[in-house]
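Asker: Here it is: the structure, laid out below.
The values are calculated or read from the model by the stated rules, or taken from the named source; none is laboratory data. Quick caveat, the model's predicted, so the values are computed rather than measured. Note that we place each Cβ from the backbone using ideal geometry, even for glycine, and neighbour counts take in every protein chain shown.
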């Protein structure tokens, strides 16, 4: 048993995975993941998806559960140790680009210029 299984067992009494909205959206479709063959009922039992495609297949229910667990629908997941450098750089670039858009929208051109030069220096030193 891993940490997440214990965590989900601890929250069984809260009924977070069987809220009416989640039940309706998942049960109404009776979907099964086309890659791993797991169902929403499997997720309710174990608290785990079988593969990455499950997040797309059960998007409505997963978004609701993630909002309850993480207080956000975004879930970045873990970074594999073998490819962590490339993924960290990619995520950093995404964050810098988001900040750049915000700075331009606020007409904070000094910050935007700094962010732009940081993006260019990262892009120049890394091939993604």
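Asker: Taking the stated definitions as given, is residue 128 modelled with pLDDT of 70 or more and out of contact with any strand residue (DSSP E or B) (no Cβ under 6 Å at 6 or more places or on another chain)? Write out each step before concluding.
Answerer: Working: modelled with pLDDT of 70 or more: no; out of contact with any strand residue (DSSP E or B) (no Cβ under 6 Å at 6 or more places or on another chain): yes.
Here the answer is no, as residue 128 does not meet what is asked.
Asker: Hey, another quick one. Pull out all pairs, ordered by first then second residue, where Cβ-Cβ is under 7 Å, the residues are six or more apart or on different chains, the first lies in region 58-79 and is closer than 14 Å to residue 48 by Cα, and the second is modelled with pLDDT of 75 or more and part of a loop (DSSP other than H, G, I, E, B).
Answerer: Every condition considered, the pairs that remain are 58/31.
Asker: A follow-up question, please. Scan 86, 47 and give me the residue that is under 30 Å from residue 118 (Cβ atoms) and at pLDDT 65 or above.
Answerer: Numbers: 47 fails: under 30 Å from residue 118 (Cβ atoms).
None of the other options fit; the residue is 86.
Asker: Evaluate region 11-18: report whether one residue or more is on the phi > 0 side of the Ramachandran plot and at pLDDT below 60.
Answerer: The answer is yes; a qualifying residue exists.
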